[in-house]
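Heads up, the thing below is written out as structure tokens.
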Amino acid sequence: MSVASRALWLAGSVSTFATLAACREPTSASPASPSAKVSSPVHGKVVVSIVVDQLAAWIASERLPELPATGGFARLRREGAYVREARFAHAVTDTAPGHAALYTCAEPARSGVVSNERLESSSDGSAKAVPFLRDNATHVVDMSGETSNFGSSIAAYALPTVADELRAARPKASIVSISLKDRAAIPGGGRAPTATLWFDPGLDRFVTSTAFATELPRWASDPGSTAHLATLRATPWTLLDREFVARHARTPDGQAGEGVWDGLSASFPHALSDAKTPAKAFRASPLADAAILELATSFVRAEGFASDTTLIAVSLSSNDYVGHVYGIDSWEAWDNLARLDRALGRFFDELDRAVGADGWAAVLAADHGAPPMPETASVPGARPWCEGGDDRWTRPCGPSFRVDPSALMSSLEAAARDAAGKPASGRWVLGVLDPYVILDPVSRAAVKDRAKLFAALIATLKAQPGLLDALDTASLPAPCSPGESLESLVCRSFREGAGDIYFVTRPGSFVDVDIIPGHGTNHGSPWIFDRSIPILARDPGRVPAGAIVESVEPFETFTRTLAGALALPAPAACNDGRDLGAPAR
């Protein structure tokens with residue numbers, strides 16, 4: 001969406017969405033931190049939306065209580081409500097669909113965001129994977145202005161986001177969204193943000209696109225610059241508290257399966273400035289989330305907070321990259337979480353200074369979970385849930401595998417040729433894009449026996465180590481059936497054009513991530529350990545302090561609680577869930 005189109009959308013948004021309630025101030029206070037004693041000017045309510053990428057509910061349940069009482073997670077738990085387990089209602093548990101679900105209150109089938117990537121055809125007939133939100137009608141905008149690089153937009157979204165509802169209700173609201181990833185930053189800011197920023201590793205700086213702005217905000221010029229990020233990376237990543245990590249981690253530093261990221265070692269310390277491409281390497285370190293929160297702090301200090309509402313959406317991606325590279329049981333994962341906890345605490349202190357402890361609310365969740373690396377199955381004590389008893393999150397205990405998408409594509413092409421002969425376009429399989437097999441449209445349209453072709457492809461998929469099932473997407477019901485059956489979860493993940501066959505990995509197995517093939521972990525499955533996330537909500541006077549919710553909540557509880565903190569009605573797309581700040585029914 002161009003700036004001009006965005007203006008037209010905004011002009012019509014009030015009539016498009018229902019007129020919404022005015023922002024209401026909290027009526028009572030919860031205990032303030034020591035830094036909250038600083039007085040602040042009159043201001044509108046500040047609401048912070050936080051998504052910690054790949055923070056599984058089971059990881060949060062085990063690790064958050066081990067963090068210090070002075071950290072950000074402990075403060076949210078102490079001053080707000082903690083939902084131990086909320087579940088997504090879709091099978092494709094990846095970043096883009098997860099963020100879209102949280103901010104639209106809808107599964108991928110309705111939100112329009114069905115995967116992290118999509119295939120883009122070239123003039124020579126080949127296809128390559130590109131980010132799902134890539135929009136070739138837009139360009140990247142950096143500190144110097146518009147570049148020639150293609151940008152990203154929210155055009156793929158079929159529904160309004162919470163930020164869109166806020167903009168429609170209060171046109172003067174400030175809406176800022178920041179992440180390492182475009183697919184994580186864009187949904188938080190919606191169609192008409194004050195600023196939406198993400199990190200471009202090719203340019204080594206934070207950027208936006210012409211879909212949202214023609215220049216970057218002044219407050220982002222220094223903390224988002226290449227020079228500043230290089231300064232951050234000059235200090236090696238070492239353990240914040242070696243004794244803490246050694247006491248809690250169940251695997252050794254440099255455990256088998258951990259990746260060597262961009263030329264760095266698989267164990268501490270990590271000299272990020274020595275990486276082959278430091279701009280790429282720093283994403284799998286706590287420095288990346290520190291940079292996100294530093295940008296958010298810069299906005300807070302520059303904002304001044306007038307009389308209207310402010311939404312600050314941050315998506316913290318380091319946890320995800322660390323898991324992909326080193327695995328979720330690694331020393332790096334433990335240290336990253338401890339450092340994130342400290343950084344969140346500092347950011348909350350900044351909010352206290354800016355608007356007072358009663359002037360801000362926060363709602364935190366994750367976009368998906370994760371399984372352990374396959375190699376940890378042979379490490380004594382690494383999987384205590386396998387030692388007997390029922391596991392709430394049904395985490396894997398048996399052998400698991402990394403599924404090589406390139407090898408899978410070759411096997412599928414051979415099976416298709418055996419079953420259906422020579423393809424009309426010269427190939428049957430256009431690509432394997434987790435979790436879809438995508439056929440060449442020319443060959444698919446010309447096939448004489450579709451049933452025989454698809455039966456051969458599905459049989460080939462089911463025979464692969466690590467794969468459990470495969471479904472012809474043309475056979476999915478419409479509308480999708482309720483409940484959590486595999487077919488229902490897959491159905492709610494699919495939208496026309498996403499792919500021809502949806503394949504499902506066995507519990508604990510996953511499609512090999514292309515960051516470091518053969519190492520680390522990945523997610524994206526319909527299993528509970530991938531679908532379950534925590535929710536923490538702090539909203540003085542609205543959300544009860546110290547509450548722990550043991551019942552399994554729908555993912556919509558995050559969206560409804562965020563909308564409630566902004567004094568908005570629940571998005572129309574919500575089918576389930578509750579506002580944690582609303583009176584019990």
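The values are calculated or read from the model by the stated rules, or taken from the named source; none is laboratory data. It should be emphasised that the depicted structure is a prediction, and the values quoted were computed from it without experimental measurement. Backbone-built Cβ (ideal geometry, glycine too); neighbour counts: all protein chains shown.
The set of residues in the range 380-403 that are hydrophobic (A, V, I, L, M, F, W, C) and more than 18 Å from residue 59 (Cα to Cα) comprises 401, 403. Screening residue 478 on (1) among the hydrophobic types (A, V, I, L, M, F, W, C); (2) more than 22 Å from residue 131 (Cα to Cα); (3) under 23 Å from the mean Cα position of the chain (by Cα) shows it passes everything except condition (3). Remark: pairs (first residue in the range 537-562, assigned to a loop (DSSP other than H, G, I, E, B); second residue among the hydroxyl-bearing types (Ser, Thr, Tyr); Cβ separation under 6 Å; 6+ apart in sequence or on different chains) = 540/30; 541/27; 541/28; 545/30. Restricting the range 140-168 to residues that are within 24 Å of residue 120 (Cβ to Cβ) and without any contact (Cβ under 8 Å) to a residue 40 or more places away in the chain, the residue that is nearest to the chain's Cα centre (by Cα) is 150.
With 351, 408 as the choices, which residue is surrounded by 23 or more Cβ atoms within 10 Å (Cβ to Cβ) and touching a helix residue (DSSP H, G or I) at 6+ places or on another chain (Cβ under 9 Å)? After applying the criteria, what remains is 351. Residues in the range 228-263 that are polar (S, T, N, Q) and under 19 Å from residue 289 (Cβ atoms): 231, 235, 238. Considering only residues of the range 265-277 that are of a type in the set (Ser, Thr, Tyr) and in a loop (DSSP other than H, G, I, E, B), which is surrounded by the fewest Cβ atoms within 10 Å (Cβ to Cβ)? The extreme case among them is 277. In this structure, is residue 539 in contact with a helix residue (DSSP H, G or I) (Cβ under 7 Å, 6 or more places away or on another chain) and not polar (S, T, N, Q)? In short, yes. Just checking, does the range 482-492 include any residue being in contact with a helix residue (DSSP H, G or I) (Cβ under 6 Å, 6 or more places away or on another chain) and either of a type outside the set (Lys, Arg) or at pLDDT below 95 (or both)? Looking through the range 482-492, none of the residues is in contact with a helix residue (DSSP H, G or I) (Cβ under 6 Å, 6 or more places away or on another chain) and either of a type outside the set (Lys, Arg) or at pLDDT below 95 (or both).
Any chance you could count how many residues in the range 172-195 are closer than 20 Å to residue 279 by Cβ and crowded, with 24+ Cβ neighbours inside 10 Å? It would help to see each step written out before you state the result.
Step one: list which residues in the range 172-195 are closer than 20 Å to residue 279 by Cβ, which gives 178-185.
Among the residues that remain, those that are also crowded, with 24+ Cβ neighbours inside 10 Å are: 178-180, 182-185.
Total satisfying the criteria: 7.
The residue that is surrounded by the fewest Cβ atoms within 10 Å (Cβ to Cβ), counting only those in the range 93-121 that are among the aliphatic types (A, V, I, L, M) and more than 15 Å from residue 51 (Cα to Cα), is 119.
State all residues of the range 429-443 that are touching a strand residue (DSSP E or B) at 6+ places or on another chain (Cβ under 9 Å) and more than 20 Å from residue 403 (Cα to Cα); if no residue qualifies, say none. Talk me through it step by step, then tell me what you get.
Taking the range 429-443 and keeping what is touching a strand residue (DSSP E or B) at 6+ places or on another chain (Cβ under 9 Å), we get 429-441, 443.
Selection gives 440, 441, 443.
The numbered conditions (1) crowded, with 19+ Cβ neighbours inside 10 Å; (2) of a type in the set (Asp, Glu); (3) over 18 Å from residue 333 (Cα atoms) are all true for residue 262 except (3). Contact map, the range 338-356: residues that are on the phi > 0 side of the Ramachandran plot paired with residues that are in a helix (DSSP H, G or I) and among the small types (Gly, Ala, Ser), Cβ distance under 7 Å, separation 6+ or inter-chain. Pairs shown: 356/36.
Per-residue answers, yes or no, for (1) farther than 17 Å from residue 108 by Cβ; (2) surrounded by fewer than 20 Cβ atoms within 10 Å (Cβ to Cβ); (3) aromatic (Phe, Trp, Tyr); (4) in the same structural domain as residue 410 (by TED's automatic domain parsing):
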{"position": "458", "(1), (2), (3), (4)": "yes, yes, no, yes"}
{"position": "462", "(1), (2), (3), (4)": "yes, yes, no, yes"}
{"position": "465", "(1), (2), (3), (4)": "yes, yes, no, yes"}
{"position": "468", "(1), (2), (3), (4)": "yes, yes, no, yes"}
{"position": "480", "(1), (2), (3), (4)": "no, no, no, yes"}
{"position": "486", "(1), (2), (3), (4)": "no, yes, no, yes"}
{"position": "496", "(1), (2), (3), (4)": "no, yes, no, yes"}
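Taken together, 238, 251 contain a single residue that is over 25 Å from residue 205 (Cβ atoms), modelled with pLDDT of 95 or more and out of contact with any Pro (no Cβ under 8 Å at 6 or more places or on another chain), which is 251. For the range 302-332, name all the residues that are at pLDDT 95 or above, more than 16 Å from the chain's Cα centre (by Cα) and among the charged types (D, E, K, R). Of everything in the range 302-332, those that are at pLDDT 95 or above, more than 16 Å from the chain's Cα centre (by Cα) and among the charged types (D, E, K, R) turn out to be 329, 332. Among the residues of the range 425-458, the one identified as within 29 Å of residue 513 (Cβ to Cβ), part of a loop (DSSP other than H, G, I, E, B) and among the basic types (Lys, Arg) is 427.
For the range 101-111, does any single residue satisfy the condition of being of a type outside the set (Gly, Ala, Ser) and more than 15 Å from the chain's Cα centre (by Cα)? Yes: one or more hits.
Conditions tested, residue by residue: (1) assigned to a loop (DSSP other than H, G, I, E, B); (2) closer than 25 Å to residue 159 by Cβ; (3) touching a strand residue (DSSP E or B) at 6+ places or on another chain (Cβ under 6 Å).
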| residue | (1), (2), (3) |
| --- | --- |
| 464 | yes, no, no |
| 469 | no, no, yes |
| 479 | yes, yes, no |
| 494 | yes, yes, no |
| 502 | no, yes, yes |
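Across the range 122-139, what is the number of residues that are in a strand (DSSP E or B) and either over 26 Å from the mean Cα position of the chain (by Cα) or under 24 Å from residue 207 (Cβ atoms) (or both)? Total satisfying the criteria: 10. Under the condition of being crowded, with 18+ Cβ neighbours inside 10 Å and of a type outside the set (A, V, I, L, M, F, W, C), the residues counted in the range 389-404 number 4. Quick check, is residue 539 of a type outside the set (Phe, Trp, Tyr), in contact with a strand residue (DSSP E or B) (Cβ under 6 Å, 6 or more places away or on another chain), closer than 16 Å to residue 365 by Cα and surrounded by 24 or more Cβ atoms within 10 Å (Cβ to Cβ)? When the stated conditions are applied, residue 539 passes them.
Does residue 422 satisfy the condition of being at pLDDT 95 or above, in a loop (DSSP other than H, G, I, E, B) and more than 28 Å from the chain's Cα centre (by Cα)? Here the answer is yes, as residue 422 does meet what is asked.
Looking across the range 68-92, the residues that are more than 19 Å from the chain's Cα centre (by Cα) and either surrounded by fewer than 19 Cβ atoms within 10 Å (Cβ to Cβ) or closer than 20 Å to residue 288 by Cα (or both) come down to 68, 69, 70, 71, 72, 74, 78.
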